[in-house]
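These notes are about the structure you will find just below.
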Amino acid sequence: MNSFSPTQLIDFTYLVAAVLFILSLKWLSSPVTARHGVLAGEIGAALAVCATLFDPELVQYKWIVVALIVGAGIGIPLGMVRMTAVPQRTALSHAFGALSATMIGIAEYYVRAPHVTKFGMVEIGLEVIIGSLTFTGSLIAAGKLQEILPQRPITYRGQNIVSLSVLGTAIVIALILTVHPEYTHLFPAMVAVALFFGVLLVTPIGGADMPTVISLLNSYAGLSAALLGFVLNSRVLVVAGALDGSSGFILSVIMCKAMNRSFTNVMFGAFGQVQAKAAGTTEDKTVRSATAEEAAAILASASKVVIVPGYGMAVAQAQHKVRELFDVLTKRGVDVKFGIHPVAGRMPGHMNVLLAEADIPYDRLMDMDNVNSDLPQTDVALVIGANDVTNPAARTDAGSPIYGMPIIDVDKAHTVMVIKRSLSPGFAGIDNPLYYMNQTLMLFGDAKAFVGDIVRELGGVAH
Amino acid sequence: MPSDFISNLFVFILAGFVGFEVIKRVSPLLHTPLMSLTNALDAIVVVAAIIIAGRHETTLSTVLGVIAVAASFSNMVGGFLITDRMLRMFKTGKSKKS
């Protein structure tokens, strides 16, 4: 045991990388140590990649170098996107991860074929099916988030049966290949069917369900990498895939809980379709609205304000104006906090990143439970571009489609102000009784322009 | 059932368990960076892609390997880059002034 073979040294480096990956995630638990986490991950990845380049199995480097340069050429711009584009970037990176795992699985199959063992075929089949569906599913998700594809769910009758039979077909082909490894011509069919299933899986899912879908695709991407580790007997892939998979899984569970829905309901429920009945009920209720001047006066006399942002704030690009509002109110001694619902935005933590980018200190960003205990003592709750996550019907109306969903209890604040373009219902197509409450003032207009007007009024009052 | 499978399963279950315990402690504040970081770590698939691309067994496997190297390396580079950019934005009220 005096000397290690090159392969053992490489394996040892992989072990170090795996440990660094776990530390990386551990340090991410607090914003104070999080950047060390990134560094640990980077060192681990760099060590693993460098060690691999010394693998004695490698006979030619030309294409590896070309591919690494191309990869860096795609990766750097994708790492520099604006924070508003982070959800679609994330979906795209799930697609790339799955693409990579699928390509390797396919290559490995053809290297072995037709002498694939039964067990090896089960592993490869599962790996390639999950990788393929994650690839196309993530591309569709990215397309929806980039608004190249419609965000509304696309549905038709018998959809679930069609989708599930497509998945069933891919599994059956994999089973046939397991029993008859000589039918190698069936392998491309399996890949094609699995790719098609990924499209069917995500097309019917609406934009508001994207936080869950992205998390779920995250989990699948991790799973396909871990399965690839099984296929290739690569422990570092198994570890990294398991970490990524469990992260995606935890996030999916958090997102589902935050919407009080099950996985199956998200995947097959096609939430977010316009419900025709919601439209007629708004006529007979009275709504109080206010101008920017009035809103500014109310905010200026408050001592505690909670701002509840939603996807509408991101769409209107209002986060920098919101920061100005935060600054001007804080300067006047008003205690301003942000209440962030887990599913606000298009991916987990989306609002936090947008507000952090706008330079709002993260100790002002409260999660749902913390802010809800504060809201009864809050003078003004200002809702910007959020709707369903503030809908009190989730607490009170057992007939509401979102009944039971945890919400931010803005209706418990002394005054509620809602910036909104019109009274049209939110993504779930559900009317929001919050807008008709006595303590509610509707501020009709574009979020960015309206917040800008309030800031101007407050600036004016100060002089 | 090959014996490698069992030891891989060992690693998978234990790593999944460690991942679960570590990741559930991540504050909701950092869920977006968490996803981009795990994405970058997952891109370690690149090491398998490098082997496939450089082993040069068949033209097909080399082509697929090259695509895989480019796809996963872009995730690795882009994932770490954007995670670090995001984390740099998270400042407290005190550090913001200083």
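Counting residues that are in contact with a His (Cβ under 9 Å, 6 or more places away or on another chain), at pLDDT 90 or above and over 26 Å from B:R55 (Cα atoms), which helices (runs of 4 or more DSSP H) fully inside the range A:1-114 reach at least 3? So that I can check it myself, show each step before the final result.
Working: elements: A:6-27, A:34-53, A:62-79, A:86-112.
Qualifying helices (runs of 4 or more DSSP H): A:6-27.
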task: From (1) of a type outside the set (D, E, K, R); (2) outside the structural domain of A:L145 (by TED's automatic domain parsing); (3) at pLDDT below 90, pick out the condition that doesn't hold for A:T264.
output: (2)
- prompt: Given the structure, is A:K62 more than 24 Å from the chain's Cα centre (by Cα) and basic (K, R)?
  reply: yes
task: Quick one: which residue in A:D397, A:D411 is more than 22 Å from the chain's Cα centre (by Cα), within 21 Å of A:K257 (Cβ to Cβ) and either surrounded by fewer than 24 Cβ atoms within 10 Å (Cβ to Cβ) or not basic (K, R) (or both)?
output: A:D397
message: When you scan the range A:245-262, do you find a residue that is surrounded by fewer than 16 Cβ atoms within 10 Å (Cβ to Cβ), on the phi > 0 side of the Ramachandran plot and touching a residue at least 40 places away in the same chain (Cβ under 8 Å), even just one?
response: yes
field: Residue match in the range B:36-55 (condition: at negative phi, hydroxyl-bearing (S, T, Y) and surrounded by fewer than 21 Cβ atoms within 10 Å (Cβ to Cβ))
entry: no
message: Any residue that is at pLDDT 90 or above, in a loop (DSSP other than H, G, I, E, B), outside the structural domain of A:Q151 (by TED's automatic domain parsing) and surrounded by 21 or more Cβ atoms within 10 Å (Cβ to Cβ) - is there at least one of those in the range A:419-426?
response: no
statement: By residue number, the members of the range A:15-29 that are over 14 Å from B:V45 (Cα atoms) and more than 7 Å from chain B (Cβ to nearest Cβ) are A:L15, A:V16, A:V19, A:L20, A:L23, A:W27
- prompt: If you check every pair at least six apart or on different chains, which have Cβ atoms under 8 Å apart with a residue in the range A:101-115 that is within 17 Å of A:E182 (Cα to Cα) and more than 8 Å from every other protein chain (Cβ to nearest Cβ) first and a residue that is modelled with pLDDT under 95 and not in a helix (DSSP H, G or I) second?
  reply: A:Y109/A:V116; A:A113/A:P181; A:A113/A:T184; A:P114/A:P181; A:P114/A:E182; A:P114/A:T184; A:H115/A:P181
message: Need a quick list: helices (runs of 4 or more DSSP H) entirely within the range B:6-98 having at least 1 residues that are of a type in the set (D, E).
response: B:31-42, B:59-89
- request: Filter the range B:47-95 for residues that are touching a Leu at 6+ places or on another chain (Cβ under 6 Å) and either under 17 Å from A:G241 (Cα atoms) or touching a residue at least 12 places away in the same chain (Cβ under 8 Å) (or both) and give the result.
  value: B:A48, B:A71, B:F73, B:G78, B:T83
- request: State all residues of the range B:23-34 that are under 18 Å from the mean Cα position of the chain (by Cα) and surrounded by 21 or more Cβ atoms within 10 Å (Cβ to Cβ); if no residue qualifies, say none.
  value: B:I23, B:V26, B:L30, B:H31, B:T32, B:P33, B:L34
message: If I ask for residues that are within 18 Å of A:T330 (Cα to Cα) and more than 7 Å from chain B (Cβ to nearest Cβ), which ones from the range A:349-358 would you list?
response: A:L355, A:A358
- prompt: Quick check: is even one residue across the range A:340-358 in a helix (DSSP H, G or I), modelled with pLDDT under 95 and surrounded by fewer than 24 Cβ atoms within 10 Å (Cβ to Cβ)?
  reply: yes
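Restricting to the range A:294-311, give me the number of residues that are within 23 Å of A:A356 (Cβ to Cβ) and either surrounded by fewer than 21 Cβ atoms within 10 Å (Cβ to Cβ) or outside the structural domain of A:V328 (by TED's automatic domain parsing) (or both).
Number satisfying all stated conditions: 1.
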task: Hey, could you check the range A:40-52 for residues that are more than 7 Å from chain B (Cβ to nearest Cβ) and surrounded by 15 or more Cβ atoms within 10 Å (Cβ to Cβ) and say which is nearest to B:T62 (Cα to Cα)?
output: A:A51
- prompt: Does A:F326 meet the test of being at pLDDT 90 or above, within 20 Å of A:A413 (Cα to Cα) and in a helix (DSSP H, G or I)?
  reply: yes
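Going by what's in this entry, would A:T212 be described as hydroxyl-bearing (S, T, Y), in contact (Cβ under 8 Å) with a residue 24 or more places away in the chain and farther than 28 Å from B:M35 by Cβ?
Against the criterion (hydroxyl-bearing (S, T, Y), in contact (Cβ under 8 Å) with a residue 24 or more places away in the chain and farther than 28 Å from B:M35 by Cβ), A:T212 does not qualify.
If you scan the range A:432-463, which residues turn out to be assigned to a loop (DSSP other than H, G, I, E, B) and modelled with pLDDT of 80 or more?
The answer is A:N432, A:M437, A:N438, A:Q439, A:G445, A:D446.
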- request: Go through A:I384, A:I402 for me and flag whichever is closer than 16 Å to A:Y311 by Cβ, under 28 Å from the mean Cα position of the chain (by Cα), at pLDDT below 90 and among the β-branched types (V, I, T).
  value: A:I402
message: Among the listed residues A:V162, A:V166, A:V122, A:V172, identify the single one that is modelled with pLDDT of 90 or more, under 28 Å from the mean Cα position of the chain (by Cα) and assigned by TED's automatic domain parsing to the domain that holds A:N218.
response: A:V166
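The values are calculated or read from the model by the stated rules, or taken from the named source; none is laboratory data. Nothing here was measured: the structure is a model prediction, and the numbers come from that model. Cβ: placed from backbone, ideal geometry, glycine included. Neighbour counts: every protein chain shown.
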